[in-house]
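Step one of this worksheet: look at the structure below.
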Amino acid sequence: MKYKEYKIYCEQDKLETLEAQLAALGIEEIIINDPADAELFSPEKAIGWFWNAVDESVLAQFRERPSVCFYLEAENSEDPSDPREERGASGIARERLSADQLKRRDWGLAQLLKSYEASVSTVDDQDWLHKWEEYYVPSKISEHFVVKPDWKEYDPAPGEQVISIDPGLAFGTGTSATTYLVVRLMEKWMRPGDDVLDVGCGTGILSIVASKLGAKDIMAVDIDPEAIDSTKRNAAINGCEGRIKVVHGDLTKGLSYRADVVVANLISDLVVMLSPDVAAHCKGRGLYISSGIIDGTEDRCRKAVEDAGFEIIDQLHDDCWTAFAAVLRK
Ligand code: SAH
C-alpha cells in the first residue's frame, strides 16, 4: 500500500495551532518535530541523567525546523484483499472514512496547506515490525559460538556451535557487543557443572550459551513478559528447554536461587544498583559477569562491583561497551 507523507513547516509557537487544525480534520496520528524537545536530551538539564547514551545523529533531527508530519493513504491504493487495509502507516488500526468524509478532509487539508510551507511525497508502506530481520544475519560472536536467526540456514565450520534465535520483541540477538562480550567471558571463565543465574535473560541467549558450555542448573529471570516468552521459545529451538528454568520476576524481589555464575547484561545504572543483589545470589567462587557498561561509566561500575564484595579479574571492551568478569573476595 502507498501513503502520502505530508510535512508541514511552521513557527515553533504555531505548532499547537497546527495540531488543532489537523485534529479538526480528523488527522490525529501526527509526529510533531519541536526543536525544544532536543533540550530533554541535554546533559545540562535536570533529567539528562536519565539517558545512558544519546545518538548525535538523532539529536540533529530534533534540531531541524519545527514541523508536523503525518501519513494518509494515497488515492487508489486500496486493495480489498490486503489484510493491512485497516491499518495506518503507523500500524495502528483505525476506522475507514466514507467517501464524503474523505472528500471533506482532503478539501480542508488543501485549504490548510495554502497557509503553510509544506512538502508532500509518496512512500511505500513497510512492515516495520519485521524490517530489521533483513539485517540479522549469521555471525560468529566468539571463539566457538555463531548466532543465527532461526529463519536462516547456516552451515557450521568444524568446532563452531550454532545458536538459533527468534527474538520476538526481546533483546538479545547476540550481535550486540554488550551480549557477545559476556559470551566471550563465559567461554573463558565458566566451568562445566556450574550453576548459572541469567539476570535479564531477554531472548535467553546467555542461558543457551551456559547450557552449551555444560552448566548444570540454569535459571533465567526477567521482569519483561516478552523476554519470558522469548527465552522459552529459544530454549526449545536450541534443544535446552529441560535445562533452563525460566522465571518472570525481579532479581531484587524475593528470588532465592543462588548460583556459581551470575551473568547480567544490563545498563550502567543497573550494574551499579543491582551488584549488591548479585552478590547475595552467589555461591562458591561467585563468578559475576556484568555488561552493558557504556564508555565513561567504567569507573562508577567498577567501584559498584568492588563495593559489592567482588574482585575484577578480567575485562573486555568493544564498540563503546565494557564487560567485567569478577569473583567474590574471600
Ligand atoms: N541477556 C540478554 C538480554 C539483555 S537486555 C543479552 O545479553 O543479550 C537486559 C534485560 O534485563 C531486559 O530484558 C530487561 O527486561 C531485564 N531487566 C532489567 N532489570 C531487571 C531486573 N531487576 N530483574 C530482572 N531482569 C531485569
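The values are calculated or read from the model by the stated rules, or taken from the named source; none is laboratory data. Bear in mind the structure is a predicted one, so any value in this text is a computation, not a measurement. Every residue, glycine among them, receives a Cβ derived from its backbone with ideal geometry; neighbour counts consider all protein chains shown.
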Residues being in a loop (DSSP other than H, G, I, E, B), more than 10 Å from the ligand (Cβ to nearest atom) and either surrounded by 15 or more Cβ atoms within 10 Å (Cβ to Cβ) or on the phi > 0 side of the Ramachandran plot (or both) - total across the range 239-286
8
Of the candidates PRO66, PRO138, the one satisfying the condition of being under 25 Å from the mean Cα position of the chain (by Cα) and modelled with pLDDT of 80 or more is PRO138
Under 9 Å between Cβ atoms, which residue pairs at least 6 apart in sequence (or on different chains) link something in the range 142-162 that is without any contact (Cβ under 8 Å) to a residue 12 or more places away in the chain with a partner that is surrounded by 11 or more Cβ atoms within 10 Å (Cβ to Cβ) and not polar (S, T, N, Q)?
GLU153/PRO138; PRO156/VAL146; PRO156/VAL162; ALA157/LYS140; ALA157/VAL146
Test: residue in the range 177-199 that is in a strand (DSSP E or B), free of Cβ contacts under 8 Å to residues at least 60 places away in the same chain and more than 7 Å from the ligand (Cβ to nearest atom):
no
Which of the residues belonging to the range 219-228 are out of contact with any Lys or Arg (no Cβ under 6 Å at 6 or more places or on another chain) and part of a strand (DSSP E or B)?
ALA220, VAL221, ASP222
Inside the range 209-227, can you point out the residues that are under 10 Å from VAL247 (Cβ atoms) and touching a Gly at 6+ places or on another chain (Cβ under 9 Å)?
ALA220, VAL221, ASP222
Those residues of the range 271-316 which are without any contact (Cβ under 8 Å) to a residue 24 or more places away in the chain and either closer than 19 Å to SER176 by Cα or not aliphatic (A, V, I, L, M) (or both) amount to GLY296, ASP299, ARG302, LYS303, GLU306, GLU311, GLN315
Conditions first: (1) near the ligand (Cβ under 10 Å from one of its atoms); (2) in contact with a Gly (Cβ under 7 Å, 6 or more places away or on another chain); (3) in a loop (DSSP other than H, G, I, E, B). THR231 passes all but one, so which condition is the exception?
(3)
When residues of the range 215-228 are limited to those that are of a type in the set (A, V, I, L, M) and more than 8 Å from the ligand (Cβ to nearest atom), the one nearest to the chain's Cα centre (by Cα)
ILE228
